[in-house]
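**Q** What follows is a structure written as structure tokens; I'll ask about it next.
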Amino acid sequence: MTEDVRDLIIVGGAVAAQTSAIYAARSGMDVLVIADEYGGQINNTDVVENYTGFKHISGPELAENYLEHMRDYDVEEEKGEKIVDIRKNNEIFEVENESGDVFESYSVIIATGGHRRKLDVPGEEEFENKGVGYCAVCDGPLYQGETVAVIGGGYAGTEAAVYLSDIAEKVYVLSRSGVLKGEEITREKVKEAENVEVLEEALTQEFYGNNLLEGLKYEDENGELQELEVTGAFVEIGTVPNSDITDLVETNEGGYIKVDREMQTGTEGLFAAGDVADWGAQQLIVSGGMACQAALNASDYVKERKS
Ligand SMILES: Cc1cc2nc3c(=O)[nH]c(=O)nc-3n(C[C@H](O)[C@H](O)[C@H](O)COP(=O)(O)OP(=O)(O)OC[C@H]3O[C@@H](n4cnc5c(N)ncnc54)[C@H](O)[C@@H]3O)c2cc1C
């Protein structure tokens, strides 16, 4: 085996990547972590209250803890560019970034998570960052005392509504289905917040304004077009997996990477963990568990080939 080829490359910069890196380093692998940015989705989350051992911690603080923990180990880091391709040449993986730099390894873990899904309606692009946003925690404070809307009544939508209810004067939640989804405890908080109004079976059709967002149009449960005057609208309708970086994996209809019990993809030595993988609940604790498993199996895989 070639000595300047690393044992493992991990692509990603959040909980799944950093957990994998810790387990891999502890099992004696030489590890390179490549990320465009650190923190991931939890960095844009207000509070986390369901991660064992932490009754209440802010998303950014938890993200910082992960990074610090990883840095206790001898892990090499490359930050600032996206990976655009992963190939396999004989037994060696070639991992290429946007500038065309290629890094080599015997195994790879894809831990690239997901990005926010867009609504794809007129005005969404025009008013992006001019009222339309995808991160309530990042941009919510700009709407102090104003009227805002949250599009989406699921896990992220209900969390965003609770967060915004302390900032905005009025928060509308437009839920496509008849009921709110997400965690029961968060749904209860939405119901209790006096300044939050849930519009069920409300299909957002268009954003409008004049340079800045002034409102949105939606179809109500009777199929009639209604208008809401809002200065901010947060689209919280789920995530799209960042799986489009290699042809070496199979994905399901949603684009999530298929893995087996070992977290291995269809290609030997290529693993996936976290929200990018087709596996269970999209939660920190699940991502961390998958990442642990992927790293331990990558370690076994490489050790077997080196022996
Ligand atoms: C609003 C919201 C609230 C949430 N609240 C909770 C909660 O309270 N509790 C909980 O357990 N979970 C919560 N989650 C879910 C949790 O955030 C995810 O399960 C977790 O972030 C998944 O981690 P990940 O490492 O797989 O991916 P991500 O967090 O998506 O991170 C992916 C990482 O990979 C990097 N990356 C992406 N593509 C590339 C590429 N091509 N090249 C290099 N790097 C790349 C990204 O920059 C990022 O660093 C919440 C999610 C959202 C959206």
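**Q** Take region 254-307 and flag every residue that is of a type in the set (S, T, N, Q) and in contact with a helix residue (DSSP H, G or I) (Cβ under 8 Å, 6 or more places away or on another chain). Before the answer, list the steps.
**A** As a first pass, look at region 254-307 and keep what is of a type in the set (S, T, N, Q): 264-265, 267, 282-283, 287, 293, 297, 299, 307.
Across region 254-307, the qualifying residues are Gln264, Gln282, Ser287, Ser299.
**Q** Val108: of a type outside the set (D, E, K, R), in the same structural domain as Gly288 (by TED's automatic domain parsing) and either near the ligand (Cβ under 10 Å from one of its atoms) or closer than 30 Å to Glu236 by Cα (or both), yes or no?
**A** Numbers: of a type outside the set (D, E, K, R): yes; in the same structural domain as Gly288 (by TED's automatic domain parsing): yes; either near the ligand (Cβ under 10 Å from one of its atoms) or closer than 30 Å to Glu236 by Cα (or both): no.
Against the criterion (of a type outside the set (D, E, K, R), in the same structural domain as Gly288 (by TED's automatic domain parsing) and either near the ligand (Cβ under 10 Å from one of its atoms) or closer than 30 Å to Glu236 by Cα (or both)), Val108 does not qualify.
**Q** In addition: Take the residues in region 1-57 that are more than 11 Å from the ligand (Cβ to nearest atom) and hydroxyl-bearing (Ser, Thr, Tyr); name whichever of them is surrounded by the fewest Cβ atoms within 10 Å (Cβ to Cβ).
**A** The selected residue is Thr2.
**Q** Oh, and also: Within region 229-295, considering only strands (runs of 3 or more DSSP E) that don't extend past its boundaries, which have at least 1 residues that are touching a strand residue (DSSP E or B) at 6+ places or on another chain (Cβ under 8 Å) and surrounded by 24 or more Cβ atoms within 10 Å (Cβ to Cβ)? Step through it out loud before you land on a result.
**A** Numbers: elements: 232-235, 239-241, 270-272.
The qualifying strands (runs of 3 or more DSSP E) are 232-235, 270-272.
**Q** Looking only at region 162-175, filter to residues that are crowded, with 19+ Cβ neighbours inside 10 Å and not aromatic (Phe, Trp, Tyr); which one of those is nearest to Glu227 (Cα to Cα)?
**A** Leu174
**Q** Whether any residue in region 84-96 is more than 25 Å from Gln264 (Cα to Cα) and either in contact with a helix residue (DSSP H, G or I) (Cβ under 7 Å, 6 or more places away or on another chain) or not polar (S, T, N, Q) (or both) is what I want to check. Talk me through it step by step, then tell me what you get.
**A** At the first step, the residues of region 84-96 found to be more than 25 Å from Gln264 (Cα to Cα) are none.
Checked region 84-96: no residue is more than 25 Å from Gln264 (Cα to Cα) and either in contact with a helix residue (DSSP H, G or I) (Cβ under 7 Å, 6 or more places away or on another chain) or not polar (S, T, N, Q) (or both).
**Q** What are the residues in region 102-123 that are in a strand (DSSP E or B), more than 16 Å from Leu270 (Cα to Cα) and within 24 Å of the chain's Cα centre (by Cα), if any?
**A** Within region 102-123, Gly114, His115, Arg116 qualify.
**Q** So how many residues does region 80-101 have that are touching a residue at least 40 places away in the same chain (Cβ under 8 Å), assigned to a loop (DSSP other than H, G, I, E, B) and within 9 Å of the ligand (Cβ to nearest atom)?
**A** Final tally of qualifying residues: 2.
**Q** Mind listing just one residue for me: the one in region 124-133 that is in a loop (DSSP other than H, G, I, E, B) and touching a residue at least 40 places away in the same chain (Cβ under 8 Å) and, of those, nearest to Phe234 (Cα to Cα)? Give the derivation first.
**A** Start the filter on region 124-133 by keeping residues that are in a loop (DSSP other than H, G, I, E, B), which leaves 124-127, 129-131.
Pick out the ones that are also touching a residue at least 40 places away in the same chain (Cβ under 8 Å) and you get 124, 126-127, 130-131.
Working: Glu124: 11, Glu126: 14, Phe127: 11, Lys130: 11, Gly131: 8 Å.
Among those residues, the one meeting the criterion is Gly131.
**Q** Does Ala63 count as in contact with a strand residue (DSSP E or B) (Cβ under 7 Å, 6 or more places away or on another chain), near the ligand (Cβ under 10 Å from one of its atoms) and of a type outside the set (Val, Ile, Thr)?
**A** no
**Q** Pull up region 134-165, narrow it to residues that are outside any helix (DSSP H, G or I) and within 12 Å of the ligand (Cβ to nearest atom), then point me to the one that is nearest to Ile185 (Cα to Cα).
**A** Once the filter is applied, the top-ranked residue is Gly154.
Conditions (1) closer than 26 Å to Ile151 by Cβ; (2) without any contact (Cβ under 8 Å) to a residue 40 or more places away in the chain; (3) touching a His at 6+ places or on another chain (Cβ under 6 Å), marked per residue:
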residue: Glu224; (1), (2), (3): yes, yes, no
residue: Glu229; (1), (2), (3): yes, no, no
residue: Thr246; (1), (2), (3): no, no, no
residue: Ala273; (1), (2), (3): no, no, no
residue: Gln283; (1), (2), (3): yes, no, no
residue: Gly289; (1), (2), (3): no, yes, no
residue: Ala295; (1), (2), (3): no, no, no
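The values are calculated or read from the model by the stated rules, or taken from the named source; none is laboratory data. No experiment lies behind these values; they were computed from the predicted model shown. Glycine gets a Cβ as well: all are built from the backbone with ideal geometry, and neighbour counts include every protein chain shown.
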